[in-house]
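Structure first, commentary second.
The values are calculated or read from the model by the stated rules, or taken from the named source; none is laboratory data. Quick caveat, the model's predicted, so the values are computed rather than measured. Cβ placement follows ideal geometry from the backbone for every residue including glycine, while neighbour counts extend to all protein chains displayed. For accessibility, only protein heavy atoms count, side chains too; no ligands or nucleic acids. Shrake-Rupley method; radii C 1.70, N 1.55, O 1.52, S 1.80 Å.
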Amino acid sequence: MIKPFIAANWKMNKTVGEAVDFANSLRAVLTTTPDRDVVIAPPFTALHAVAASLKGSDIALAAQNMHDAEKGAFTGEISAAMLIDAGCAYVIIGHSERRHIFGEEDEFINKKIISALKHGLKPIFCIGETLEERESGITLDILQRQIGEGLNNISTDDIGSVVVAYEPVWAIGTGKTATPKEAEDAHKFIRACIQMFYDAAVAEKVVIIYGGSVTPDNIGELMAEKDVNGALVGGASLNSESFAKIVNYP
Ligand code: PEP
């Protein structure tokens with residue numbers, strides 16, 4: 001049985017003060033989270049301060065992106081070692097906004113995943129089809145390509161540290177959630193791909209979470225699906241009460 005995994009992606013929102021206030025109030029609302037993994041991903045500037053606020057709690061810290069290189073002339077970029085140093089346990093890699101706004105491709109995403117794992121950071125690896133791809137009937141081809149290329153050269157030992165986030169691009173920030181069946185069909189297919197690339201025992205344990213307009217109102221029905229192991233939450237994670245309601249879905 002996979003422990004439900006709920007992560008907040010704040011994107012480019014919140015100052016250091018706002019992020020720390022959120023972390024403190026989330027700690028107060030989530031007095032204990034023994035049966036759920038809870039992760040928050042503030043912007044880079046707030047990571048260190050939020051790590052201090054979360055010390056001693058069960059809430060883990062994630063970054064929203066990283067570069068694969070160890071160090072050097074990459075102005076504006078952050079390495080895996082720097083994220084570990086700032087207190088992160090996870091890093092979001094391949095978010096659709098990185099892919100579509102910043103032109104990140106599968107090969108680069110794969111390099112980042114390899115670097116994250118090498119440093120002991122757990123990747124939250126995002127995949128998902130655009131509306132155009134869904135309407136053209138190529139959703140499964142896109143998912144298979146993103147998984148195959150994104151996880152290229154990741155060992156059977158390491159794959160257990162990767163969280164896969166299925167985020168249909170048409171559902172992100174649009175208020176248009178995938179139906180529970182659409183999410184389940186995609187998650188089942190993702191698990192089958194992992195089984196094909198690794199084996200059944202590995203696939204059974206991989207955490208596959210759904211992202212795309214998750215709210216306190218729809219989290220329960222999504223989590224009722226067999227292969228939906230959690231959620232990556234954008235807009236509805238910006239308010240600590242709303243995020244706490246999602247974490248504490250019945
Ligand atoms: C996201 O950006 O990962 C996301 C799922 O956003 P939203 O919940 O706002 O759709």
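For Ser96, the accessible surface of its heavy atoms amounts to roughly 10 Å² (probe 1.4 Å, protein chains only, rounded to the nearest 10). Between Trp10 and Ala41, the built amide H atoms are under 5 Å apart, and every one of these is 5 or more places off in sequence or on another chain. As a calculated quantity, the FRET efficiency between Asp21 and Asp85 at R0 = 22 Å, using C-beta atoms, amounts to about 0.40. For the chain, a simple Cβ point-charge model (Lys and Arg +1, Asp and Glu -1, everything else neutral) yields a dipole of about 620 debye relative to the Cα centre.
Taken as Cα centroids, the stretch 97-172 and the stretch 174-244 sit 14 Å apart, rounded to the nearest whole angstrom. Site pair Lys226 and Glu135 shows an inter-label distance of 3.3 nm when each label is modelled 7 Å from Cα along Cα→Cβ.
Taking chymotrypsin sites (Phe, Trp or Tyr not before Pro) across the stretch 50-150, the ones in a DSSP loop with at most 15 further Cβ atoms lying within 10 angstrom of their Cβ are Phe74, Phe102. An oblate overall shape is assigned to the stretch 1-66, the ratio a/c of its alpha-carbon gyration tensor axes (a ≥ b ≥ c) being 1.5 or greater and a/b not exceeding b/c.
Entry note, the chain: relative contact order of 20 percent, from Cα contacts under 8 Å with a spacing of 6+ residues. For Ser242 and Met1, the FRET efficiency from 1/(1 + (r/R0)^6), where r spans their Cβ atoms and R0 equals 30 Å, is about 0.70. Here r is the Cβ-Cβ distance between Lys71 and Met196 and R0 is 30 Å; the resulting FRET efficiency, rounded to 0.05, is 0.25. Between Thr156 and Asp185, the distance separating the two model label sites (each 7 Å from Cα on the Cα→Cβ line) works out to 3.2 nm. Accessible surface for the stretch 1-138, divided over its residues, is 48 Å² per residue with a 1.4 Å probe. Report in % the part of the accessible area of the stretch 150-208 that belongs to carbon and sulfur, leaving out ligands and nucleic acids; probe 1.4 Å. It is 51 percent, rounded to a whole number.
Compared with the direct C-alpha span, the chain from Lys176 to Asn13 gains 56.5 nm at full extension, assuming 0.36 nm per residue. Partner lysines whose Cα lies under 20 Å from the Cα of Lys3, excluding those fewer than 8 positions away in the same chain, are identified as Lys122, Lys188, Lys205, Lys226, Lys245.
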